[in-house]
1. In segment B:1-17, what count of residues is obtained for those that are assigned to a loop (DSSP other than H, G, I, E, B) and surrounded by 13 or more Cβ atoms within 10 Å (Cβ to Cβ)?
2. Among the residues in segment B:63-80, are any modelled with pLDDT under 95, exposed (fewer than 15 other Cβ atoms within 10 Å of the Cβ), within 14 Å of chain A (Cβ to nearest Cβ) and outside any strand (DSSP E or B)?
3. So, in segment B:20-39, exactly how many residues are within 10 Å of chain A (Cβ to nearest Cβ), touching a strand residue (DSSP E or B) at 6+ places or on another chain (Cβ under 6 Å) and not in a strand (DSSP E or B)?
4. Just a yes or no: is a residue in segment A:28-35 surrounded by fewer than 16 Cβ atoms within 10 Å (Cβ to Cβ), under 17 Å from residue B:39 (Cα atoms) and touching a strand residue (DSSP E or B) at 6+ places or on another chain (Cβ under 6 Å)?
5. How about segment A:8-54: which of its residues are more than 23 Å from residue A:83 (Cα to Cα) and more than 14 Å from the chain's Cα centre (by Cα)?
6. So in segment A:51-86, with the set limited to residues that are touching a residue at least 24 places away in the same chain (Cβ under 8 Å) and at positive phi, which one is farthest from the other protein chains (Cβ to nearest Cβ)?
7. Please work out which one of (1) within 11 Å of chain A (Cβ to nearest Cβ); (2) touching a residue at least 12 places away in the same chain (Cβ under 8 Å); (3) surrounded by fewer than 22 Cβ atoms within 10 Å (Cβ to Cβ); (4) in contact with a strand residue (DSSP E or B) (Cβ under 6 Å, 6 or more places away or on another chain) is the condition residue B:42 fails and give its number.
8. Anything in segment A:67-92 that is surrounded by 15 or more Cβ atoms within 10 Å (Cβ to Cβ) and more than 26 Å from residue B:40 (Cβ to Cβ)? List them, or say none.
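The values are calculated or read from the model by the stated rules, or taken from the named source; none is laboratory data. Since the model is a prediction, treat every value here as computed from it, not as a measurement. Using ideal geometry, Cβ is built from the backbone for each residue, glycine included, and neighbour counts are taken over all protein chains shown.
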């Protein structure tokens with residue numbers, strides 16, 4: 001069975017500082033990894049994904065994520081946080097081959113402090 | 001494109017009542033799914049469909065039914081509502097059931113069962 005762990009319920013960061021939201025995963029086969037963001041009272045929006053190739057993937061709104069196969073991690077990063085980045089962030093995993101169910105983590109609330 | 005639409009936005013039911021949550025997408029996506037979002041639990045897959053006429057169960061299917069008579073629509077039926085079904089429900093779609101496609105989410109339905 002596949003799973004996703006987001007070890008931090010909440011991450012606080014000062015505006016202008018770099019941010020990291022952590023994610024580790026477990027899956028059989030080659031992983032497809034995703035980050036989504038949810039603003040209050042809204043549905044989830046896709047940020048970025050890793051399929052194969054370069055371990056650093058870039059996405060929307062200046063976010064990027066680093067895939068580390070040996071540590072089975074896919075941490076979300078941004079060099080300089082904005083107050084408007086405050087939201088709930090979800091990591092998700094599926095795998096190559098067959099029909100793919102997507103498994104989500106429990107989410108990490110990012111609070112950017114002015 | 002309207003993307004993924006859901007109705008209603010809010011609903012209050014009494015225990016034992018039944019209702020249908022509507023979901024539609026206008027992107028000709030083959031894959032559609034229903035999730036529920038609960039605090040501390042992340043998103044959990046209820047049912048999914050890989051094409052018209054084909055549905056399958058996710059992690060938490062009990063108490064819910066689905067059907068997929070057209071590519072566009074994927075309604076979720078609550079057969080006899082229970083307080084444990086109080087949650088926020090999201091419908092999502094993606095281009096294909098296989099491959100690394102990201103999902104597009106609707107705005108959600110907030111359901112309260114008293």
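1. Of segment B:1-17, the ones assigned to a loop (DSSP other than H, G, I, E, B) are B:1-3, B:8-9, B:14-17.
The next check asks that each one be surrounded by 13 or more Cβ atoms within 10 Å (Cβ to Cβ); those that pass are B:3, B:17.
Counting residues in segment B:1-17 that are assigned to a loop (DSSP other than H, G, I, E, B) and surrounded by 13 or more Cβ atoms within 10 Å (Cβ to Cβ) gives 2.
2. Going through segment B:63-80, the residues modelled with pLDDT under 95 turn out to be B:79.
Those left that are additionally exposed (fewer than 15 other Cβ atoms within 10 Å of the Cβ): B:79.
With within 14 Å of chain A (Cβ to nearest Cβ) added as a condition, the list becomes none.
Taking every residue of segment B:63-80 in turn, none turns out to be modelled with pLDDT under 95, exposed (fewer than 15 other Cβ atoms within 10 Å of the Cβ), within 14 Å of chain A (Cβ to nearest Cβ) and outside any strand (DSSP E or B).
3. Quick first cut of segment B:20-39, residues within 10 Å of chain A (Cβ to nearest Cβ) only: B:31, B:33, B:35, B:37-39.
Those still in the list that are touching a strand residue (DSSP E or B) at 6+ places or on another chain (Cβ under 6 Å) too: B:31, B:33, B:35, B:37-38.
Of the ones still in play, those that are also not in a strand (DSSP E or B) are none.
Of the residues in that region, 0 qualify.
4. Residues of segment A:28-35 that are surrounded by fewer than 16 Cβ atoms within 10 Å (Cβ to Cβ), as a first pass: A:28-30.
Going one step further and asking which of them are under 17 Å from residue B:39 (Cα atoms), we end up with none.
Checked against the condition, which is being surrounded by fewer than 16 Cβ atoms within 10 Å (Cβ to Cβ), under 17 Å from residue B:39 (Cα atoms) and touching a strand residue (DSSP E or B) at 6+ places or on another chain (Cβ under 6 Å), segment A:28-35 yields no hits at all.
5. Restricting attention to segment A:8-54, the residues satisfying the condition of being more than 23 Å from residue A:83 (Cα to Cα) are A:24-33, A:49-54.
Scanning segment A:8-54 gives A:26, A:27, A:28, A:29, A:30, A:52, A:53, A:54.
6. Per the stated criteria, the residue is A:72.
7. (2)
8. A:67
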